[in-house]
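Report on the following structure.
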């Protein structure tokens, strides 16, 4: 049956272009928004604080790693990139490998959240979530996996609360913001961040998305709508395309104060590696990150270039530091089928090796 | 321009808003010019990509393939502009001008709303700040309570383990 579908899909590729466009539009009208389901791995809500929710994913096999894993996702996008669909889900992969997975969903900041700073995120939200996870699991520490900007927050947390973190995994995380500086960071140098935050309060997700769009307007952003014709040859292909599209344009606003600190202190002044980044009344010294560290980066990442991630090795205090890289882009690290075949196993294996519980 | 009709505060804020809008227009000009330049530079690259495709595979050029080649040409042609210092500066000037306009526009709107006894953005911002500070205090208090609670439990634990003296 699948073979028949595939044959007819191949045949349709030779149809005239306008017919293919019409067929795609026709299929688009048949798909409802609720069909484009994302983040479907079963989970339970274990803690709530304001807009933040902490979820525990229901185990699917015996626990292989005793210390629970807390995933700290980026503030810039939505967490379900980690569980986009059944066959492209880092979370499902980790569950299959026997990891006890918790995840922080930051929610959508509203105007009254504009005062949230790194201090609130690191010493408030992440510290509280880590404590909830620790108590529930009975483990003395938690393992932390920080994704992109969540990796930055996780590094700050690990440096300031090293006794609470068993092992740290960072994924696609910039540490040296001026190494092989990506275009989107260079653009930020000419923007008056204070004025931007004063004007908007929270920095609109649409504005940030526009920045992502302009870094490659034609190849990355418009070309996909031509590739969409191929994707829409099958309903499943269409749903896969639409899930990615949903995630791409689901960008929450950025809490003003946290954005100010990230853009000025990290992107413009590169304070993290200079040991001058302040979170609350304390200075973040990466030398205090003494637990085992696994740093995962994408070799073709144009948002967080490998050099920006790999710099961590030079500044981190841990003697047990390992790097893992994949020939993928920034997003491919989470959604590439090839990467997802290996990555969960690699992470779980490394966590099991360093399980002290 | 000398003030007419409006009170001093409204006059000042209106003038600031109008001036900020003119700055947006002034900043928008060079930015738009750069986009036009990027498009102009794309054109030869697009022609080269599409024509190259036709020459390489004259029989198998599809519409989709031609559009993809054109997009690749656009990207290549405009890429140099979008990555230039000139673009960076022009974009920064435009974003800063828009932010300044928005600040002045909000101030003007706040003044007008206050005349009608309607809460303004500044008022809700103040309230947001207050709620934020209260939540931080609450979190600190909650942690203190948990710490004290833990200490009490620790103190009671050895007592539970000690067997009661048996009398008689």
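The figures follow:
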{"read-out": "Evaluation of residue A:252 against (1) within 14 Å of another protein chain (Cβ to nearest Cβ); (2) at negative phi (one fails), failing number", "value": "(1)"}
{"read-out": "Residue list for the stretch A:211-223, filter: free of Cβ contacts under 8 Å to residues at least 12 places away in the same chain and more than 10 Å from every other protein chain (Cβ to nearest Cβ)", "value": "A:213"}
{"read-out": "Complete set of residues in the stretch B:34-47 that are surrounded by 12 or more Cβ atoms within 10 Å (Cβ to Cβ) and either over 15 Å from residue B:67 (Cα atoms) or under 30 Å from the mean Cα position of the chain (by Cα) (or both)", "value": "B:34, B:35, B:37, B:38, B:39, B:40, B:41, B:42"}
{"read-out": "Of residues in the stretch A:270-289 being surrounded by 14 or more Cβ atoms within 10 Å (Cβ to Cβ), over 23 Å from the mean Cα position of the chain (by Cα) and over 18 Å from residue A:121 (Cα atoms), the one modelled with the highest pLDDT", "value": "A:288"}
{"read-out": "Helices (runs of 4 or more DSSP H) within the stretch A:133-209 that include 3 or more residues surrounded by 19 or more Cβ atoms within 10 Å (Cβ to Cβ) and within 14 Å of chain B (Cβ to nearest Cβ)", "value": "A:183-188, A:193-200"}
{"read-out": "Selected residue (criterion: nearest to residue A:221 (Cα to Cα)) from residues of the stretch B:73-83 that are surrounded by 21 or more Cβ atoms within 10 Å (Cβ to Cβ) and at the interface with another protein chain (Cβ under 7 Å from one of its Cβ atoms)", "value": "B:75"}
{"read-out": "Positions within the stretch A:101-119 being touching a helix residue (DSSP H, G or I) at 6+ places or on another chain (Cβ under 7 Å) and either over 30 Å from residue A:264 (Cβ atoms) or within 14 Å of chain B (Cβ to nearest Cβ) (or both), in sequence order", "value": "A:101, A:102, A:111, A:112, A:114, A:115, A:116, A:117, A:118"}
{"read-out": "Of residues in the stretch A:254-269 being in contact with a helix residue (DSSP H, G or I) (Cβ under 7 Å, 6 or more places away or on another chain) and not in a helix (DSSP H, G or I), the one surrounded by the fewest Cβ atoms within 10 Å (Cβ to Cβ)", "value": "A:254"}
{"read-out": "Test for residue B:38: is it in a helix (DSSP H, G or I) and either at positive phi or facing chain A (nearest Cβ under 10 Å) (or both)", "value": "yes"}
{"read-out": "Residue satisfying all of: in the stretch B:48-64; touching a helix residue (DSSP H, G or I) at 6+ places or on another chain (Cβ under 6 Å) and facing chain A (nearest Cβ under 9 Å); surrounded by the most Cβ atoms within 10 Å (Cβ to Cβ) among these", "value": "B:64"}
{"read-out": "Yes/no for residue A:308 being within 20 Å of residue A:185 (Cα to Cα), at pLDDT 90 or above, under 20 Å from the mean Cα position of the chain (by Cα) and within 14 Å of chain B (Cβ to nearest Cβ)", "value": "no"}
{"read-out": "Residue in the stretch B:84-141 that is surrounded by the fewest Cβ atoms within 10 Å (Cβ to Cβ), counting only those that are more than 30 Å from residue A:182 (Cβ to Cβ), in contact (Cβ under 8 Å) with a residue 40 or more places away in the chain and within 10 Å of chain A (Cβ to nearest Cβ)", "value": "B:105"}
{"read-out": "Test for residue A:351: is it under 18 Å from residue A:74 (Cβ atoms), touching a residue at least 40 places away in the same chain (Cβ under 8 Å) and assigned to a helix (DSSP H, G or I)", "value": "no"}
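The values are calculated or read from the model by the stated rules, or taken from the named source; none is laboratory data. Keep in mind it's a predicted model, so treat the numbers as computed, not measured. Here Cβ is always computed from backbone atoms with ideal geometry, including for glycine, and neighbour counts include all displayed protein chains.
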